[in-house]
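The values are calculated or read from the model by the stated rules, or taken from the named source; none is laboratory data. Bear in mind that the values here come from a model prediction, so they are computed numbers and not experimental data. Here the Cβ positions follow ideal geometry from the backbone for every residue, glycine too, while neighbour counts run over all protein chains shown. In case anyone asks, the SASA skips ligands and DNA or RNA and just uses the protein heavy atoms, side chains included. Shrake-Rupley method; radii C 1.70, N 1.55, O 1.52, S 1.80 Å.
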Amino acid sequence: STTRRFHFSVEWKKVTRLCHTKQLLTVNGQYPGPAVVVHEGDTVEIKVTNRIAHNTTIHWHGLRQYRTGWADGPAYVTQCPIRSKQSYTYRFKVEDQRGTLLWHAHHSWQRASVYGAFIIYPRQSYPFSGVHVQSEIPIILGEWWNDDVDKVEKEMMKTGAGAKVSDAYTLNGLPGPLYPCSTKDTFTANVDAGKTYILRIINAALNNELFFAVSNHTLTVVEVDAVYTKPVHTKAIMIAPGQTTTLLLHTDQHTGGEFLIAATPYVTSVFPFNNSTTVGFLRYNDKRKSVNYVNRRRLTTLSTRAVLPDMLDTKFATRFSDSIKSLGSEKYPCKVPTAIDKRVITTISLNLQDCPSNRTCDGYDGKRFLASMNNVSFVRPPISILESYYNKQSKGVFTLDFPEKPPNGFDFTGVDPVSENMNTEFGTKLFEVEFGARLEIVFQGTSFLNIENHPLHVHGHNFFVVGRGFGNFDPEKDPARYNLVDPPERNTIAVPTGGWAAIRINADNPGVWFIHCHLEQHTSWGLAMGFIVKDGPLPSQTLLRPPHDLPRC
Ligand code: C2O
């Protein structure tokens, strides 16, 4: 097999958007960062050099990292950060995955600008064969802040309130014409009429689930999170941070012209909302009889909105998410566990905590916001959990007592927002499973401030989304209604607002794996935990030894 090598230099670069020039954290001076393009079966080596004064790490989001947990990337979970002037080479094999994923920094809020596409070409031809693909258009959705993002994060942690929202949404780093000074910072894709294109859509936004659409064109979903799906034809998609999808777009508008590419939030996190819209253009090359559907100078947020579902359109978001089904073909069978060895039910909630006595907080009611799972707010340990587990020295780093059921029973609705979850504990709590365990995790939203989906991301494993619903999960009734035939296989699932999602995992990857909300603000507040998969009985089922250049704390 081939080894593909890349060099990432994490460095500052002066970048201007919305008339604001600032030093932006980048990889190799690029924003968005370089695409990593590989083939299924390749070994990948990416040497990351830290050329800034702060620590950093990079995470290969959705890559299985089978037996190579040391290369996963979340700071203090699988590695200590790469320090200033140091390098670390991430080495792993890409096996049994194909499609669109992403990479991003996994230390503080650096992923606001340190992100890029991770594209895996399949070993075998596409299952949507019969379709001749003209070319590919990667579209990475992101957010831009005029301020330094590090400051935004620190300010949020200090005040205990929601973070300052971003100033723009972006398509491949470009805000587009609806924002000030952004006309020239507009993404345009040139296409020929009568062809099929692959759109690789990546949501790299920090804190926003987004709707995405192309005016007058039907999108066909054929893959999510690097797993093929049954084709879904739709006018728009909903995509949560950390999710990726491959779409087919047929350029069937024979009148030619220009069409809108647009993205706007489903619901943003805590107030105030940035409900603006990022716009780009799909431009047909055929000029002969082109009719311009878009009058660029007359473009308004309102006219753009017509292309997209309305903000808060939970019906659309739900219908769309539930329409995604795994392919389940002979060549790509669905490997969902039909029985389980263990079920963990965990709340995912925002909490209020009394303000530390030497401060004033403006979260809500003079208190500060936190977030938790089963009422434990995740605390980042002083050294990496994986390293301390591997060396059998967990003391002062983590404990294995993550509660496997919600501490306060099963009724999560109608709770008083001020008193709910007030006794949140702090800790670095994980649970452990045997190698090969068939694991079910139910993520249960709670009522307090539950105004949005939480995109829960699992490291080191794909999972099957066997059930989703609104209200309280019922351990007696709901499992009987699970989809155990063709559930979608993913690495990030939007748990519906005021509802729950049940996932199943074949826990066959030894190591320590992070689970967290992919809204960065919620991770900072502690909406995270982790699990350990023990080594299997065979030598080929054990975690590999740590690489010699693994960063030290
Ligand atoms: Cu894409 Cu733990 O993150």
- Query: Rounded to the nearest 0.05, what FRET efficiency is calculated for D147 and D96 with R0 set to 56 Å and r the Cβ-Cβ distance?
  - Reply: 0.85
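How large is the charge dipole for the chain, taken about the Cα centre, if only the Cβ atoms of Lys, Arg (+1) and Asp, Glu (-1) carry charge, to the nearest 20 debye? Could the numbers behind the result be given before it?
Numbers: 58 positive and 51 negative charges, 317 e Å.
Computed charge dipole of the chain: roughly 1520 debye.
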- Task: Looking at region 139-221, send over the antiparallel percent of its DSSP beta bridges, to the nearest 5.
- Result: 60
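Find the eigenvalues of the gyration tensor of the Cα atoms of region 345-392, then list the square roots of 5 times those eigenvalues as equivalent ellipsoid semi-axes, largest first, in whole angstrom. Intermediate results must be reported in sequence, preceding the final value.
On the way: eigenvalues 169, 50, 7 Å².
That gives 29, 16, 6 Å for the three semi-axes.
Dipole magnitude of region 342-541 about its Cα centre, charges +1 at Lys/Arg Cβ and -1 at Asp/Glu Cβ only, in debye to the nearest 20?
Numbers: 17 positive and 22 negative charges, 68 e Å.
Its charge dipole is roughly 320 debye.
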- Query: Taking every DSSP beta bridge that has both residues in region 1-124, what percent is antiparallel when rounded to the nearest 5?
  - Reply: 70
- Anisotropy class of region 86-164 from Cα gyration tensor, a/c 1.5 cut: prolate
- Can you work out the accessible area per residue across the chain, with the rest of the protein chains kept in place, probe 1.4 Å, in square angstrom? 38
- Message: Take N391 and Q30, extend 7 Å from each Cα along the Cα→Cβ direction, and tell me the distance between the two endpoints in nm.
- Response: 3.6
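On a full-extension model of 0.36 nm per residue, what is the gain between L18 and H233, subtracting their alpha-carbon distance, rounded to one decimal in nm? Mind showing how you got there, number by number?
Values: separation 215, 0.36 × 215 = 77.40 nm, distance 3.49 nm.
Extra length from L18 to H233 when fully extended: 73.9 nm.
Return the Rg/Rh value of region 113-229, two decimal places, where both radii are evaluated on C-alpha atoms and Rh is the Kirkwood radius.
Checking Rg against Rh, the ratio lands at 1.04.
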- Query: Which lysines have a Cα less than 22 Å from the Cα of K342, not counting those fewer than 8 places away in the same chain?
  - Reply: K405, K429, K477, K534
- Which one of V458, F473, N509 has its Cα pushed farthest toward the positive end of the charge dipole of region 342-541, where Lys and Arg give +1 and Asp and Glu give -1 at the Cβ? N509
- Taking Cα atoms only, Rg over Rh for region 1-124 with Rh from the Kirkwood formula is 0.98
- Message: Under 25 °C and 0.890 mPa s, how fast does region 127-325 diffuse according to Stokes-Einstein, given a Kirkwood radius computed over C-alpha pairs? Answer in µm²/s, whole number.
- Response: 140
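Please report, to one decimal in angstroms, the Kirkwood hydrodynamic radius of region 421-553 built from all distinct Cα-Cα pairs. Write out the running numbers ahead of the final one.
Values: mean 1/r = 0.0611 Å⁻¹.
Computed over Cα pairs of region 421-553, the Kirkwood hydrodynamic radius comes out at 16.4 Å.
Answer rounded, prolate or oblate for the chain, using the Cα gyration tensor with square roots of eigenvalues a ≥ b ≥ c: rounded when a/c is under 1.5, else prolate when a/b is larger than b/c, else oblate. All intermediate terms of the calculation are to be shown ahead of the outcome.
Details: a/c = 1.34, a/b = 1.25, b/c = 1.07.
Judged from the Cα gyration tensor, the chain comes out rounded (a/c under 1.5).
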- Query: Using a 1.4 Å probe on the protein chains only, how many percent of the accessible area of region 1-109 belongs to carbon and sulfur?
  - Reply: 45
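If you build the convex hull over the alpha carbons only and average its shadow over all orientations, what do you get for region 219-340? Give it in nm² to one decimal.
Details: hull surface 43.7 nm².
With the hull built on Cα positions only, its mean projection is 10.9 nm².
How long is the gain from R5 to K184 if the chain were fully straight, where each residue apart is worth 0.36 nm and the alpha carbon distance is subtracted? Don't skip to the answer; put the middle values down first.
Details: separation 179, 0.36 × 179 = 64.44 nm, distance 3.39 nm.
So the extension gain works out to 61.0 nm.
Under the classification rounded if a/c is under 1.5, otherwise prolate if a/b is larger than b/c and oblate if not, where does region 178-266 fall, given a ≥ b ≥ c as square roots of the Cα gyration tensor eigenvalues? Write down the numbers at each step before the final one.
On the way: a/c = 2.01, a/b = 1.03, b/c = 1.96.
In terms of gyration-tensor shape, oblate.
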- Average Cα contact separation per residue, the chain, under 8 Å, 6 or more apart, as relative contact order %: 15
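How large a share of the accessible area of region 160-299, in percent, is made up of carbon and sulfur atoms when the probe is 1.4 Å and the other protein chains stay in place? Show your work: numbers first, answer last.
Working: 2380 of 4580 Å².
The computed percentage sits at 52.
Can you give the Rg to Rh ratio of region 150-215, both from alpha-carbon atoms, with Rh computed by the Kirkwood formula? Show your work: numbers first, answer last.
Numbers: Rg = 16.2 Å, Rh = 14.8 Å.
Answer for region 150-215: 1.09.
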- Task: Please give, to one decimal in nm, the separation of the simple spin-label points placed at D474 and N275, each 7 Å out from Cα toward the Cβ.
- Result: 3.4
- Task: Sum up the lysine pairs in region 127-325 that clear both bars: alpha-carbon distance under 17 Å and a spacing of 8 or more or different chains.
- Result: 5
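Please sort 488-499, 116-127, 461-472 by packing, taking for each peptide the average over its residues of neighbouring beta carbons within 10 angstrom, highest first. If you can, show how the numbers build up before the last one.
Details: 488-499: 23.6, 116-127: 17.8, 461-472: 20.8.
Taking the mean over residues of other Cβ atoms within 10 Å, the ranking is 488-499, 461-472, 116-127.
Tell me the carbon and sulfur percent of the accessible area for region 342-541, rounded to whole percent, probe radius 1.4 Å.
On the way: 3630 of 7250 Å².
Here carbon and sulfur together make up 50 percent of the probe-accessible area.
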- If the chain between T43 and Q541 were fully extended at 0.36 nm per residue, the gain over the current Cα-Cα distance would be 177.4 nm
- Message: Give me the three principal axis extents of region 471-524 from the C-alpha atoms, as integers in angstrom, largest value leading.
- Response: 34, 30, 19
